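The values are calculated or read from the model by the stated rules, or taken from the named source; none is laboratory data. All values reported here derive from a predicted model rather than from experimental measurement. We place every Cβ from the backbone using ideal geometry, glycine too, and count neighbours over all the protein chains shown. For the accessible areas, the whole protein counts, side chains as well, though only heavy atoms, and no ligand, DNA or RNA atoms are used. Shrake-Rupley method; radii C 1.70, N 1.55, O 1.52, S 1.80 Å.
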Amino acid sequence: MLQVYTWEPNANSGKPLLCLHEKGVPFTHHYIDMGKLEQFSPEFLAINPDGTIPAVVHDGFVMTESTPIMEYIDDAFEGPALRPDSPSARWRMRQVMRYMDNVVAPSLAMLASNRLAAPRYAAMDPEEKQRELDKIPLPERRAAWEKLMFGKTPQADLDESARRIAQSFAAFEGLLGETQFLAGDAFSLADINVMATFYHLPQSYPEEVNDRRRPNLMAWLRRCHAREGLQRGFATGRGFITQRAAEVRRLLDVGEVAAGC
Ligand SMILES: N[C@@H](CCC(=O)N[C@@H](CS)C(=O)NCC(=O)O)C(=O)O
């Protein structure tokens, strides 16, 4: 049995969900509500003591790193192959995923959490915030949350994150001028990885990501958003992300192939 513990189909949580829907693999979904900090509940810490999501458990084997989880899913289950055969294309797939995981996704997460989550903590009693912080097992996550809760993220860090994100738009625009998808002309795990974090760009960064400035990136977003597997994956949310993905599909004029399924 395959047990999948995630929040919304977004960022690291989105990777296994979108991947499983692309392959058509059945699984049991356990929704971990990050808004309620359920990733630090004793029940979830018993599965992943680091208190991060996603976690995937296959016949008792526990996995907690989202990008290797996608490779495991591609290895372990039937369905369309999501990795290219050629060594050079496979290298490019892994290079894109590493760039996304190490540079781009953390930058976007820092900006988004400071914009969306930080204001919620502004009025909270400091002792209550400290009690929440004490539940966080990983020291680096605790440090990040402390900055967030107490409004202490340095402006220089936010500026650097914004610079990295802007730079990635140019990098992906160039890459997608060479091939239809990020690791070649076939859809792969690299596309899932980037879509999980960048599915909303035309809505969230309309000045930078539009048909005039980034035609290749926009064409790729349309190709990905039109996929049935990704549409089904984005439909697994409980509100915000699912709704936002549907809005972006309308903005891009992409049909609803998964409607009614
Ligand atoms: N390296 C892990 C990182 C997972 C991770 O940081 N997930 C975020 C959600 S996207 C999380 O659990 N955050 C909890 C927190 O910040 O406390 C992976 O790729 O699976």
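Here are a few things to note about the model shown:
- Scan segment 236-247 for residues that are without any contact (Cβ under 8 Å) to a residue 40 or more places away in the chain and open to solvent by 30 Å² or more (accessible area, probe 1.4 Å) and the total you get is 1.
- Applying the condition of being surrounded by fewer than 18 Cβ atoms within 10 Å (Cβ to Cβ) and among the aliphatic types (A, V, I, L, M) to segment 149-167 and asking which residue is farthest from residue 100 (Cα to Cα) yields 156.
Yes/no per residue for (1) touching a helix residue (DSSP H, G or I) at 6+ places or on another chain (Cβ under 6 Å); (2) closer than 27 Å to residue 49 by Cα; (3) not aromatic (Phe, Trp, Tyr):
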site: 122; (1), (2), (3): no, no, yes
site: 126; (1), (2), (3): no, yes, yes
site: 129; (1), (2), (3): yes, yes, yes
site: 141; (1), (2), (3): no, yes, yes
site: 144; (1), (2), (3): no, yes, yes
site: 164; (1), (2), (3): yes, no, yes
site: 168; (1), (2), (3): yes, no, yes
site: 173; (1), (2), (3): yes, no, yes
site: 183; (1), (2), (3): yes, no, yes
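- Qualifying positions in segment 222-244 - out of contact with any helix residue (DSSP H, G or I) (no Cβ under 6 Å at 6 or more places or on another chain), part of a helix (DSSP H, G or I) and among the aliphatic types (A, V, I, L, M): 241
- Of all residues in segment 25-50, those satisfying the criterion of being under 14 Å from residue 4 (Cα atoms), of a type outside the set (Asp, Glu) and open to solvent by 20 Å² or more (accessible area, probe 1.4 Å) are 26, 27, 28, 29, 30, 31, 47.
- Residues (within 13 Å of the ligand (Cβ to nearest atom) and not in a helix (DSSP H, G or I)) located in segment 1-17: 4, 5, 6, 7, 8, 9, 10
- In segment 209-234, the residues that are more than 16 Å from residue 246 (Cα to Cα), surrounded by fewer than 16 Cβ atoms within 10 Å (Cβ to Cβ) and not small (Gly, Ala, Ser): 210, 211, 212, 213, 215
- Selection of segment 168-190 for residues being open to solvent by less than 10 Å² (accessible area, probe 1.4 Å) and within 19 Å of residue 16 (Cα to Cα) yields 182, 183, 188, 189, 190.
- Checklist (1) within 16 Å of the chain's Cα centre (by Cα); (2) in contact (Cβ under 8 Å) with a residue 40 or more places away in the chain; (3) in a helix (DSSP H, G or I) applied to residue 217, failing item: (1)
- Filter result (surrounded by fewer than 16 Cβ atoms within 10 Å (Cβ to Cβ) and under 24 Å from the mean Cα position of the chain (by Cα)) within segment 118-131: 119, 120
- Number of residues in segment 18-72 that are near the ligand (Cβ under 9 Å from one of its atoms), part of a helix (DSSP H, G or I) and not polar (S, T, N, Q): the value is 4.
- Matching residues in segment 79-117 - criterion: being more than 16 Å from the ligand (Cβ to nearest atom), open to solvent by 50 Å² or more (accessible area, probe 1.4 Å) and part of a helix (DSSP H, G or I): 87, 88, 90, 91, 95
- When segment 51-62 is filtered for residues that are surrounded by fewer than 17 Cβ atoms within 10 Å (Cβ to Cβ) and not small (Gly, Ala, Ser), the ones remaining, listed by number, are 59, 61, 62.
- When residue 250 is tested against the conditions (1) basic (Lys, Arg); (2) in contact with a helix residue (DSSP H, G or I) (Cβ under 7 Å, 6 or more places away or on another chain); (3) surrounded by fewer than 16 Cβ atoms within 10 Å (Cβ to Cβ), the lone failure is (2).
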